[in-house]
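Single-structure report; data block below.
The values are calculated or read from the model by the stated rules, or taken from the named source; none is laboratory data. Given the structure is predicted, the values throughout are model-derived calculations rather than measurements. Note that we place each Cβ from the backbone using ideal geometry, even for glycine, and neighbour counts take in every protein chain shown. The protein model used for the area step is the full one, side chains on, heavy atoms only, and it has no ligands, DNA or RNA in it. Shrake-Rupley method; radii C 1.70, N 1.55, O 1.52, S 1.80 Å.
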Amino acid sequence: MLDSVAEKMKQIWAETLADIKRELSASDYEAWFSKLHLIEINDDIAKISAPSKYVKDNVTWRYADVIARALNASGCQINCVNIDVYDNNSSEITEKSEEIKTPTNFASTTVLDKKFTFKNFIVGKPNEFAYAAAMRVAESDSPAFNPLFLYGGVGLGKTHLMHAIAWYIKETHPEKSVIYLSAEKFMYLFIKSLRYKDAMSFKEMFRNVDVLMIDDVQFIGGKDTTQEEFFHTFNELVDNNRQIILSADKSPSDLDGMEDRLKSRLGWGLVADIHPTNYELRLGILQSKARRHKVKIPNEVLEFLSMKITSNIRELEGALNRVVAHATLVGTSITIDMASDVLRDLLRSNEKYITMDLIQRKVCEFYNIKLTDLNSAKRIKAIATARHVAMYLAKQLTTKSLPDIGRSFGGKDHSTVIHAVKKVKENIANDREFATNLEILTKSIEN
Ligand code: ADP
Ligand code: MG
């Protein structure tokens, strides 16, 4: 039966190699793949032997994703490609694969996303600090801050920055060993090592790493033994001057279910948070993504999406992709009307947080006037300005129609709203202080 496992591995590997061969130049294929062997597939992890550390590192960095894709095309379901060197001749290992227990010293490499580079990361006020910290760690030869702890809400670029650091180091220091994995995978590997009574190999795996990145560490909270192991691994690496980079959805001190000593230890290095996006950053990101699409996307549509979709960048990207896909499939051009139609559900869920009531309340607070005055017909300048601003914000931040907006201000006509929007736009263009105030006000409503 064991022989048949080895046979099966050989067959899968032959198919996979044939696939990869088609993708690469003959010389690249010969250099990197001719001496690789698939040893085993365990759950979603493929284990592959390489003839030397040099080959192992290069293949891991350059081709882990290519291998994963090709294996999956051959019918596997691989999430993780582990490549490592064996002392013995590797072909021998394949034949005796049944003898291999849990292999030691495996670099566990989760496939990195090609798009998540520093070059593709748009920097703005909300993320400039985290970006600078990530860049600094990527450029430093010895640990700059240990650990670097990145935190922020979902979809704001934590994983992107971590992958960017990994890509950067891969390019500048291909000899360095970098491990990136999710906290879930970390726990999975740890629990597996316990089950196979092979805690040593778990420790070994991290012992020779130069840079260890663990994403979403909030998931480690509450799991006592994993926390304990994490703590030890962490201390050992820091003591040996290895760089550790962590991310979470909260700051170290706010992590639930995490032991106090671990929380405090996690905050020893540099803690950098990514703030919720602002309009400029969202627009910047969309403009950069839009350039990569073949179809033409008018800037006003990008402005519209940046104004309306405030939740996070993942959703913003998704929205753009949907609009582009729709335009391509149906063969229409992209306009604001078309986008709001295609994204009706998404716009509604983003709007949920910004109600007319909220806008009116915030505007009254800001201009220090009463709500009854805002909704009255009074034309005193201070009140009229606040009313114009509130109507403008209602138009920008909600999907309500002009007549609807008018009605919410004590039964005004839609032409009054049009007039208000025009007035505010003029003021933005001519009055710097007004524009700044409006920006502050918008932020206070959005966040
Ligand atoms: P997180 O890990 O914080 O949940 P991700 O790093 O997965 O978020 O980011 C979600 C998506 O948004 C990704 O596709 C990522 O490329 C994109 N993204 C996030 N921040 C930026 C940025 N500053 N510039 C360009 N794209 C970004
Ligand atoms: Mg993430």
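Looking only at region 253-303, how many residues end up being among the small types (Gly, Ala, Ser) and not in a loop (DSSP other than H, G, I, E, B)?
Qualifying residue count, region 253-303: 6.
Among the helices (runs of 4 or more DSSP H) confined wholly to region 128-247, which include 2 or more residues that are within 14 Å of ligand 1 (Cβ to nearest atom) and open to solvent by less than 10 Å² (accessible area, probe 1.4 Å)? Before the answer, list the steps.
Working: elements: 128-139, 158-172, 183-195, 199-207, 224-239.
In region 128-247, the matching helices (runs of 4 or more DSSP H) lie at 128-139, 158-172.
Identify, please: which residue in region 406-446 is among the hydrophobic types (A, V, I, L, M, F, W, C) and loosely packed, with under 12 Cβ neighbours inside 10 Å and is, among those, farthest from the chain's Cα centre (by Cα)?
Checking each candidate, the answer is Ala429.
Restricting attention to region 262-270, does a residue exist that is crowded, with 21+ Cβ neighbours inside 10 Å and not hydrophobic (A, V, I, L, M, F, W, C)?
Within region 262-270, one or more residues are crowded, with 21+ Cβ neighbours inside 10 Å and not hydrophobic (A, V, I, L, M, F, W, C).
Please indicate, with yes or no, whether at least one residue in region 135-148 is closer than 16 Å to Asn241 by Cα and within 16 Å of ligand 2 (Cβ to nearest atom).
Within region 135-148 (the criterion being closer than 16 Å to Asn241 by Cα and within 16 Å of ligand 2 (Cβ to nearest atom)), the answer is yes, since at least one residue qualifies.
Test each condition in (1) over 24 Å from Ser401 (Cβ atoms); (2) open to solvent by 20 Å² or more (accessible area, probe 1.4 Å) for Leu286 and report the one that comes out false.
(2)
Kindly list the number of the only condition in (1) closer than 20 Å to Met307 by Cα; (2) within 35 Å of the chain's Cα centre (by Cα); (3) open to solvent by 40 Å² or more (accessible area, probe 1.4 Å); (4) not acidic (Asp, Glu) that fails for Leu402.
(2)
Given Leu194, Leu189, Leu212, Leu255, which one is within 19 Å of Ala144 (Cβ to Cβ) and not β-branched (Val, Ile, Thr)?
Leu212
What are the residue pairs meeting all of these: first residue in region 123-135, first residue under 15 Å from Met162 (Cα atoms), second residue more than 16 Å from ligand 2 (Cβ to nearest atom) and not in a helix (DSSP H, G or I), Cβ atoms under 7 Å, and 6 or more apart or on different chains?
Close Cβ pairs (under 7 Å, with a partner that is more than 16 Å from ligand 2 (Cβ to nearest atom) and not in a helix (DSSP H, G or I)) amount to Tyr131/Val123; Ala133/Leu270; Met135/Phe118.
Kindly indicate the residue of region 304-348 that is part of a helix (DSSP H, G or I) and β-branched (Val, Ile, Thr) and also surrounded by the fewest Cβ atoms within 10 Å (Cβ to Cβ) among those meeting that condition.
Per the criteria, the residue is Val330.
Suppose we filter Arg361, Arg379 for residues that are open to solvent by 50 Å² or more (accessible area, probe 1.4 Å) and out of contact with any helix residue (DSSP H, G or I) (no Cβ under 9 Å at 6 or more places or on another chain); which single one remains? Spell out the reasoning first.
Numbers: Arg361 fails: out of contact with any helix residue (DSSP H, G or I) (no Cβ under 9 Å at 6 or more places or on another chain).
Just one listed residue meets the conditions, Arg379.
When residues of region 15-41 are filtered for being open to solvent by 40 Å² or more (accessible area, probe 1.4 Å), touching a strand residue (DSSP E or B) at 6+ places or on another chain (Cβ under 9 Å) and within 22 Å of Gly75 (Cα to Cα), how many remain?
Within region 15-41, the subset open to solvent by 40 Å² or more (accessible area, probe 1.4 Å) is 15, 18-19, 21-23, 25-28, 30-31, 34-35, 37, 40-41.
Filter once more, so that each one left must be touching a strand residue (DSSP E or B) at 6+ places or on another chain (Cβ under 9 Å): 35, 37, 40-41.
With the extra rule that they be within 22 Å of Gly75 (Cα to Cα), the set shrinks to 37, 40-41.
Of the residues in region 15-41, 3 are open to solvent by 40 Å² or more (accessible area, probe 1.4 Å), touching a strand residue (DSSP E or B) at 6+ places or on another chain (Cβ under 9 Å) and within 22 Å of Gly75 (Cα to Cα).
Give just the number: which of (1) under 23 Å from Lys176 (Cα atoms); (2) of a type outside the set (D, E, K, R); (3) touching a residue at least 12 places away in the same chain (Cβ under 8 Å) does Ile41 not satisfy?
With respect to (1) under 23 Å from Lys176 (Cα atoms); (2) of a type outside the set (D, E, K, R); (3) touching a residue at least 12 places away in the same chain (Cβ under 8 Å), Ile41 is out only on (1).
Show the residue pairs meeting these rules: Cβ distance below 8 Å; 6+ apart or different chains; first residue within region 44-58 and surrounded by 18 or more Cβ atoms within 10 Å (Cβ to Cβ) and modelled with pLDDT under 80; second residue outside any helix (DSSP H, G or I) and not β-branched (Val, Ile, Thr).
Asp57/Pro174; Asp57/Glu175; Asp57/Ser177; Asn58/Pro174
So which residues in region 113-127 are surrounded by fewer than 18 Cβ atoms within 10 Å (Cβ to Cβ) and closer than 15 Å to Arg282 by Cβ?
Hits for region 113-127 are Val123, Gly124, Lys125.
Report yes if Ala73 is outside the structural domain of Gly284 (by TED's automatic domain parsing), among the small types (Gly, Ala, Ser) and either open to solvent by 30 Å² or more (accessible area, probe 1.4 Å) or at pLDDT below 95 (or both), otherwise no.
Numbers: outside the structural domain of Gly284 (by TED's automatic domain parsing): yes; among the small types (Gly, Ala, Ser): yes; either open to solvent by 30 Å² or more (accessible area, probe 1.4 Å) or at pLDDT below 95 (or both): yes.
Yes; evaluated as a whole, the condition is true for this residue.
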